[in-house]
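Colleague: Next up is a structure, given as structure tokens.
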Amino acid sequence: MFASLEISTLLGSIFVILYCITIIGLVFLILLENRNPLKTIPWVIVLILIPGVGLVFYYFFGREHRRLRIITRRIYKRFLKQTKVYEHPHNIKEVPPDYISLAHLLNNSNYSAIFKGSEISVFTNGRDKINTLLEDIRNARNHIHLQYYIFNDDKAGNEVRKALIEKSRKGIKIRVLYDDVGSWSTKNRFFEQMRKEGIEVYPFLKVVFPILTSKVNYRNHRKIVVIDGKTAYMGGMNIADRYVEGNKLGPWRDTHFRITGPGVHGLQAAFLLDWYAVSNVLIKGKEYYPEAKTTSDMKMQIVMNGPTSQWRTLMQAFIFCISNAKKRIYIQTPYFLPTEALNQALQMAALGGIDVRLMIPKCSDTKSAQMASFSYVDKMLKSGVKVYLYAKGFLHSKLLLIDDMLTCIGSSNFDFRSFEHNFEINAFIYQENFATKMKETFMRDLHNCEDVLYPTWRKRPITRRLMESFMRLFAPLL
């Protein structure tokens, strides 16, 4: 009896020692990865204070995947050559002089050349976007490519599915991508019915056993539709009823875009790259990149960002844009969790006399992220940034507007997750008319906002401020 007790004690001691060595080893590993200290410190805190839970969370969400590749550079360049975007960037000189360096940055880090001559329609209402999308689907003649982070089995989802099935029955080739985690609440039978009707459907980074994989942290947040290689959609709206009808937070104020012209080719390439990643099928052909007419003076660059890319392209581009602004910086984002570099860039711009305006939701669908977001407001206000809380429902729109010429639109939020973990897609648009249109949209939204004044903001309860500051420690993990 005593012998077995001693053995149990010995085994228990060995387990504790090995466990401690594992935790200490992980802490050293995190430190040796030379990450951003703001991202390193939370993981060290979690592993030390709650080692058991921290070990599990680190396995899911903490490992660095930037060195891994879903698609090789050779395949990547091969795709881009089809769209003529991987060429010597001679047309970069057509960009307004103040943005030539930015255009070079995007080209060098993301192979993003200039698409000239597109037209863009703006949707700020989910019903309008769905109706126009359904009409374009009904008019498709060759193929439909559809990719969303969330594709729900609800009224909006079934409207889109029904339209896709009808076109598939008429011989139109249809390919659908959805994010496996973003669409987790959607039962497989919803997608299986599309497969039975001849539609090719794939989940992105499928998570079969969540407790045995870290893929759950790396999600495809892109929203792309391409029809016949001539019409495309991108922006912030997913396929779900809340984008059309709202929910308990009220109406969802989001922004989406319909693109025609040469810029469609960049979104087509992005979709087909993701399609290759999940299907291992390399799709090519002139029918996917038909000749596009130049119908405006608009120049745009399509930028893909993801955790397996060599560069943090969107974060670098945002820092560059903010640091080089001359007049104004307008931002809309549902989640404001900036990296320290972006945080400092915004404060310096405001201190330097730039008109910096930040619009975030008053009420959020993610309380932890909202509390962390509010912890940044104090210093923003002190530096001169004008902060507005959108109060008419939930603000889900993503927008970066620089001066009177540059607009950045797409799927990316202004947070660590979009810059570090998610697969995102944004368009950088160089045109005064479009910038003016988006500025007018921003100004209209101000009518549904509450101005945040520093004297009032600083009077918030100390318990509230402490909780916000605590959640900010975990901003890189939210």
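Colleague: Could you tell me whether the range 105-123 includes any residue that is of a type in the set (Val, Ile, Thr), modelled with pLDDT of 95 or more and in contact with a helix residue (DSSP H, G or I) (Cβ under 9 Å, 6 or more places away or on another chain)?
Modeller: Yes - at least one qualifying residue is present in the range 105-123.
Colleague: Being more than 22 Å from VAL303 (Cβ to Cβ) and of a type in the set (A, V, I, L, M, F, W, C) is the filter; apply it to the range 318-357 and report the residue that is nearest to the chain's Cα centre (by Cα).
Modeller: For the range 318-357, the residue satisfying everything is VAL356.
Colleague: Let me ask something additional. Among the residues that make up the range 458-473, is at least one of them among the hydroxyl-bearing types (Ser, Thr, Tyr), on the phi < 0 side of the Ramachandran plot and crowded, with 23+ Cβ neighbours inside 10 Å?
Modeller: Within the range 458-473, none of the residues are among the hydroxyl-bearing types (Ser, Thr, Tyr), on the phi < 0 side of the Ramachandran plot and crowded, with 23+ Cβ neighbours inside 10 Å.
Colleague: Okay, moving on. I'd like the residue in the range 230-249 that is of a type outside the set (D, E, K, R) and in a helix (DSSP H, G or I) and, out of all such residues, is surrounded by the most Cβ atoms within 10 Å (Cβ to Cβ).
Modeller: TYR243
Colleague: Same structure, new question: The conditions are (1) over 17 Å from TYR454 (Cα atoms); (2) open to solvent by 40 Å² or more (accessible area, probe 1.4 Å), and SER309 fails exactly one of them. Which is it?
Modeller: For SER309, the exception is condition (2).
Colleague: Among the residues of the range 364-374, write down those that are part of a loop (DSSP other than H, G, I, E, B) and open to solvent by 40 Å² or more (accessible area, probe 1.4 Å).
Modeller: ASP365, THR366
Colleague: Let me ask something additional. Out of the residues in the range 261-298 meeting the condition of being over 19 Å from ALA140 (Cα atoms) and without any contact (Cβ under 8 Å) to a residue 40 or more places away in the chain, tell me which one is most open to solvent (accessible area, probe 1.4 Å).
Modeller: Here the residue is ASN280.
Colleague: Moving to a separate point now. Is it the case that GLN310 is within 21 Å of ASN110 (Cα to Cα) and either modelled with pLDDT of 90 or more or in contact with a Cys (Cβ under 6 Å, 6 or more places away or on another chain) (or both)?
Modeller: The answer is no for GLN310.
Colleague: Which residue pairs have Cβ atoms under 8 Å apart, sit 6 or more places apart or on different chains, and have a first residue in the range 452-475 that is under 11 Å from VAL377 (Cα atoms) and at pLDDT 90 or above and a second that is buried (at least 16 other Cβ atoms within 10 Å of the Cβ) and of a type in the set (Phe, Trp, Tyr)?
Modeller: Within 8 Å, the pairs are VAL452/TYR388.
The values are calculated or read from the model by the stated rules, or taken from the named source; none is laboratory data. Only a predicted model underlies this, so the values are computations on that prediction, with no experimental measurement involved. For neighbour counting, all protein chains shown are included, and Cβ atoms are generated from backbone atoms with ideal geometry for every residue, glycine included. Heads up: the accessible areas ignore ligands, DNA and RNA and are worked out on the full protein's heavy atoms, side chains in. Shrake-Rupley method; radii C 1.70, N 1.55, O 1.52, S 1.80 Å.
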